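Colleague: Please see the structure below; I have some questions.
Bear in mind that the values in this text are calculations on the coordinates, not laboratory data. Since the model is a prediction, treat every value here as computed from it, not as a measurement. Quick reminder, even Gly has a Cβ in these numbers, built from the backbone with ideal geometry, and neighbours come from all protein chains shown.
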Amino acid sequence: MDAPVDWVRPTGKTSATGEVSMGTENLSFGMMEMSAVHEIANIGLGHATTSLAELTGRPFNMSIPNVDSVPVATIVNLVGGAETTCLGVFMPIAGDVEGHIAFLFPWDSATKLWEMLLGSHPDSPEEVGELEASAMLEVGNILNSSFLNAIADMAGLALHATPPLVSVEMACAIVQSIVAEAEQRDVVA
């Protein structure tokens with residue numbers, strides 16, 4: 001679980017926008033705040049779902065999202081468990097609000113997206129090449145940009161993300177790496 005995660009930034013052109021995600025372990029949300037977060041999530045995910053449908057040329061249905069404040073350790077359970085292989089996209093956010101975002105795709109979801117976008121998919125994480133990594137970075141950028149734009153419009157904020165990084169690892173390693181990276185950037189800032 002303590003093995004370092006290799007974050008990769010493929011050499012291809014990538015956009016530099018993403019969504020805002022805040023670590024909520026030390027935050028206390030009341031009903032009003034949770035309602036606002038729920039509405040932002042609903043609008044942001046609606047925009048992201050529309051963007052994914054446009055990207056793939058296929059319709060996607062979205063359920064009304066559940067919003068909850070959970071400890072970081074719980075996140076791995078949301079994607080299938082600590083040892084579940086996932087693809088992660090990580091981006092720091094700057095602007096009126098600073099923070100970090102991460103988008104995790106369980107391996108099965110990643111392979112389905114690659115199949116839709118590229119017509120094939122790697123059979124194992126070791127087979128993920130630059131083309132597959134770049135495709136997922138672009139999917140992450142599009143989803144995150146849609147989500148970020150909804151938040152920025154709703155809150156009247158200027159929000160910008162740095163270029164993303166991608167990794168394929170066990171969920172626990174990705175989450176630990178994201179938390180360490182976010183903590184390191186917060187200390188430096």
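Colleague: Thinking of the range 76-189 as a set of Cα atoms, what percent of all their pairs are more than 17 Å apart?
Modeller: 57 percent
Colleague: I would also like to ask the following. Spin-label point model (7 Å from Cα, Cβ direction): what's the D123 to H160 distance in nm?
Modeller: Those two pseudo-labels are separated by 4.5 nm.
Colleague: Next question. So how do 80-92, 115-127 stack up, highest first, on mean other-Cβ count within 10 Å?
Modeller: 80-92, 115-127
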